[in-house]
Structure formats: structure tokens, C-alpha cells
Amino acid sequence: MRQAEINRNTLETRITVRLNLDGSGKSRFATGVPFLDHMLDQIARHGMIDLEVEAAGDLHIDAHHTVEDIGISFGQALAKALGDKQGLRRYGHAYVPLDEALSRVVIDLSGRPGLEFHVDFSRATIGAFDVDLVREFFQGLVNHGLMTVHIDNLRGINAHHQAETVFKAFGRALRMAVEADPRAAGSIPSTKGSL
């Protein structure tokens with residue numbers, strides 16, 4: 001089973017992430033950031049991965065460190081669970097609509113961190129959640145998951161819908177990228193011979 005657990009402890013946060021890439025979409029979250037919990041649930045459910053995240057952070061300041069460090073820890077867990085990436089599809093993509101909003105996410109499990117993030121949120125906050133933290137989450141995930149990710153919100157008026165389509169599309173694209181490719185069993189999907 002492709003599973004991992006990561007514990008990250010700093011002066012700002014204490015994070016534990018557990019994931020199973022071959023799960024069924026089960027999730028459990030206790031981050032102190034309810035909107036992020038809702039978004040992480042989208043990744044688990046639509047990515048068909050089992051995901052647990054526990055976090056204690058300096059929320060008396062704001063949610064920035066907590067959200068970023070969850071992204072970092074998620075990325076580290078993903079990299080650990082993927083191992084040497086033998087037999088993977090490697091690439092994944094998804095378009096996801098929600099009412100008026102539509103987002104596209106494209107993933108390459110390349111071994112190289114790179115994020116293209118193009119989301120022009122219609123407002124600055126979703127409830128108490130600062131929408132700038134969506135990018136911070138994905139930047140941490142990409143940097144430590146060693147993956148290239150392109151995120152584009154193609155249209156949307158409602159900021160909640162915009163964010164939700166991004167997280168759902170990420171989950172769907174990740175599901176595709178981490179799938180076993182029966183035609184590539186035992187091989188690395190790269191001409192370099194490693195990812």
C-alpha cells in the first residue's frame with residue numbers, strides 16, 4: 001500500500017498528515033481552519049485517497065502558517081507515499097464545474113517543483129478564510145511534493161465556488177496521476193529513468 005505519515009513540528013505549528021493513495025476517499029480533519037477542512041475533504045473524496053490532517057497552529061495571529069505548513073506536510077507525505085514512482089501514469093488533468101465556476105488543474109509528478117496559479121478570486125475572503133492562503137497551500141504542497149501543477153480558474157463569480165472547483169479538480173487530477181499504468185508496470189515514466 002502506498003501510505004505515508006508525516007509529522008512537522010515548528011515554533012509556529014504542529015502538523016500530522018496521514019495518507020493512503022490507494023484508499024476510498026475517507027477523511028478526518030482537525031486543523032482549526034474550517035474552510036480548509038472543507039477543501040481538504042474535496043481532495044480526499046474526489047482523489048479517492050484516504051487523508052487525515054491534525055494541526056495546531058498560531059491561529060491567534062492568523063491562519064497563514066497553519067495552512068502553508070499543512071501544504072508542506074501534505075507534499076512531503078505525497079512524495080514519501082509515491083516512492084520511486086514506478087508504474088505511475090505520472091500526468092493527470094481535470095476540469096471541474098460548480099454552477100458558474102469552472103477550474104482546470106494539470107499535474108506532472110515530475111520530481112521538479114513548479115506552480116502556475118491563475119485564480120482571480122471575486123473577493124478577498126470566504127467567511128473568515130483569506131483567499132491568498134489557497135495559493136500558499138498549493139505552493140507548499142508543490143515544493144515538497146516535487147511536482148509541477150498548473151491551476152487555472154477559467155470562470156467564476158462566487159469565490160467559494162472558485163476555490164471548491166480548484167480543490168476538486170486537484171483531487172481528480174491527482175487521482176489520475178498516481179494511478180498505476182498496467183502498461184508501464186515496473187518502469188519509471190521518464191526517458192531519464194528517474195523522477
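Derivation of every value follows stated rules applied to the coordinates shown; laboratory data play no part. Here the structure is a predicted model, which is why all the values come from computation and not from measurement. Virtual Cβ from ideal backbone geometry, glycine too; neighbours counted across all protein chains shown.
Of all residues in segment 82-111, those that are closer than 20 Å to residue 155 by Cα and in contact (Cβ under 8 Å) with a residue 40 or more places away in the chain have Cβ atoms under 9 Å from Cβ atoms of residues that are among the basic types (Lys, Arg) and part of a strand (DSSP E or B), 6 or more apart or on another chain, in 93/104; 94/104; 95/104; 96/104; 100/155; 101/155; 102/155; 103/155.
A single entry from 115, 102, 88 fulfils the requirement of being touching a Gly at 6+ places or on another chain (Cβ under 9 Å) and either within 30 Å of residue 61 (Cβ to Cβ) or buried (at least 18 other Cβ atoms within 10 Å of the Cβ) (or both): 102. Exactly one residue among 149, 134, 178 is crowded, with 18+ Cβ neighbours inside 10 Å and more than 12 Å from the chain's Cα centre (by Cα), and that residue is 178.
From the list 105, 119, 131, the one residue that fits, being of a type in the set (A, V, I, L, M) and within 15 Å of residue 171 (Cβ to Cβ), is 105. When the test is whether a residue is over 17 Å from the mean Cα position of the chain (by Cα), surrounded by fewer than 21 Cβ atoms within 10 Å (Cβ to Cβ), under 17 Å from residue 102 (Cα atoms) and free of Cβ contacts under 8 Å to residues at least 60 places away in the same chain, residue 121 passes it. Filtering segment 51-74 to residues that are touching a helix residue (DSSP H, G or I) at 6+ places or on another chain (Cβ under 7 Å) and surrounded by fewer than 19 Cβ atoms within 10 Å (Cβ to Cβ) leaves 58, 59, 64. Could you go through segment 149-160 and let me know if any residue there is over 21 Å from residue 41 (Cβ atoms) and of a type in the set (A, V, I, L, M, F, W, C). Scanning segment 149-160 turns up at least one residue that is over 21 Å from residue 41 (Cβ atoms) and of a type in the set (A, V, I, L, M, F, W, C).
For residue 96, are the conditions met, namely being touching a helix residue (DSSP H, G or I) at 6+ places or on another chain (Cβ under 6 Å), buried (at least 17 other Cβ atoms within 10 Å of the Cβ) and assigned to a strand (DSSP E or B)? Yes.
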